[in-house]
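Worksheet: one structure, shown below.
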Amino acid sequence: MILPHAQFLRSPPPILIFPTTQFLKPCVSLSAPPSFTRRLNINRSALKCRAASLVSEPPQLELSDNNRRPFPAEVTRTVLELSSVGTLSTLTQEDGHPLGFGVRFTLDFNGTPILCLNHGFSADTRRACSLHVKLEQCGVRTPQCTIVGNLNRPGDDIALKKICSAWKKRFNEEVEESYIYVIDVERVLQIEDYGEDGVWVSSSEYVLAEPDPLRNSADKIVDEINTNNREDVLRFCNIYADLDFQLVDAKMVWVDRLGFDVRVTSVQKDVYEVRIPFPREVGDEKGAKSSFNGMSQLAWEVEKNFHALEFKKVKHVKKVGNAVQTSNV
């Protein structure tokens, strides 16, 4: 059905995601999104002639209830790639008591942690240890991973040179070779947040996993959406998630190649986490923004009854506490 032009123009859809960088306007077909690095100049005649295309050719969206998200090994690699400090724990040689202290670290291409230690460790020491690392996301969630393995010196001089080069690249400083240690990873415990159960990741799964391609831009994307488009986040939850309660607030927590996580608050002050998948996997910031814009437009059309609800809503909703508890975490 083609909407009368005057009716459509009297009730224009909201500005889509990321207004500060001038993203796609509602009158432009989403089947071929333009580059997000230049300002769009759209005149009124173009808006009129494309109004029918806006409603009759919505983006294809296939939501499912399989809670699509990266594997725990991918999450672990992402957390470690975005972090540079952690807590190293081992047993003292004197009395065998556990000892934990803060360290800086970087990773080689296989994800092996590289540390610089001058705490009296002897050069031939090989001891069991763990490295605990956490990453705060949007101030409301803290995924964590604990590497369990053995603290050891690099295998040979060639490996040592490469490791020292990786350290200098990460911290922009030279390092004394005798202070360099690596952790031979045996397994990793990955936890989504405080108080939740963990998942063990094997060493082979860890080595083969890749960090998320959006990791370096995720904070920026989430901050822009929560600052400029909170209304769109609420609409996403109401349209794409099958909620049996009324929302009073919604805040995006994180975004990855498969979708994004949102913390929502009900009128009863209960807090839930909703996972909303992208229509398709994205590989970079531009692809994520394009998917957001397409989903925003379709959600607006469904909300205004311009388009029928032709997809299954996400049903997996996880309760994480109440507003008082989560604000104190």
Could you list, in sequence order, all residues of the range 78-122 that are charged (D, E, K, R), touching a residue at least 40 places away in the same chain (Cβ under 8 Å) and assigned to a loop (DSSP other than H, G, I, E, B)?
Asp108
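Return the only residue of Val314, Val255 being at pLDDT below 95, of a type outside the set (Lys, Arg) and under 22 Å from the mean Cα position of the chain (by Cα).
Criteria check complete, one pass: Val314.
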Give the range 219-256 a look and list any residue that's in contact (Cβ under 8 Å) with a residue 60 or more places away in the chain and aliphatic (A, V, I, L, M), or say none.
Ile221, Val222, Ile225, Ile239, Ala241, Leu243, Met252, Val253
Restricting attention to the range 203-215, and to residues there that are open to solvent by 40 Å² or more (accessible area, probe 1.4 Å) and touching a residue at least 60 places away in the same chain (Cβ under 8 Å), which single residue is farthest from Val148 (Cα to Cα)?
Pro213
Counting only residues that are open to solvent by 10 Å² or more (accessible area, probe 1.4 Å) and touching a residue at least 60 places away in the same chain (Cβ under 8 Å), which one in the range 257-272 is farthest from Asp242 (Cα to Cα)?
Arg257
Being within 15 Å of Gly259 (Cβ to Cβ), surrounded by fewer than 22 Cβ atoms within 10 Å (Cβ to Cβ) and among the charged types (D, E, K, R) is the filter here, so list the residues in the range 286-316 that pass it.
Lys312, Lys313, Lys315
Going by the structure shown, is Ala128 among the aliphatic types (A, V, I, L, M), assigned to a strand (DSSP E or B), surrounded by fewer than 18 Cβ atoms within 10 Å (Cβ to Cβ) and modelled with pLDDT under 95?
yes
If you check Ser178 against the conditions, is it out of contact with any strand residue (DSSP E or B) (no Cβ under 8 Å at 6 or more places or on another chain), open to solvent by 30 Å² or more (accessible area, probe 1.4 Å) and either in contact (Cβ under 8 Å) with a residue 12 or more places away in the chain or not aromatic (Phe, Trp, Tyr) (or both)?
yes
Can you find even one residue in the range 139-151 that is of a type in the set (Gly, Ala, Ser) and within 30 Å of Val253 (Cα to Cα)?
yes
Quick check on this structure: which one of Arg170, Arg104 is under 27 Å from Ser217 (Cα atoms), modelled with pLDDT under 95 and open to solvent by 60 Å² or more (accessible area, probe 1.4 Å)?
Arg170
Please give the strands (runs of 3 or more DSSP E) falling wholly within the range 216-327 in which 1 or more residues are more than 25 Å from Asp197 (Cβ to Cβ).
247-256
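The values are calculated or read from the model by the stated rules, or taken from the named source; none is laboratory data. Keep in mind that what you see is a predicted model, and the values were worked out from it rather than measured. In this analysis, Cβ positions are derived from the backbone assuming ideal geometry, glycine residues included, and neighbour counts consider all displayed protein chains. These accessible areas exclude ligands, DNA and RNA; they are computed on the full protein's heavy atoms, side chains included. Shrake-Rupley method; radii C 1.70, N 1.55, O 1.52, S 1.80 Å.
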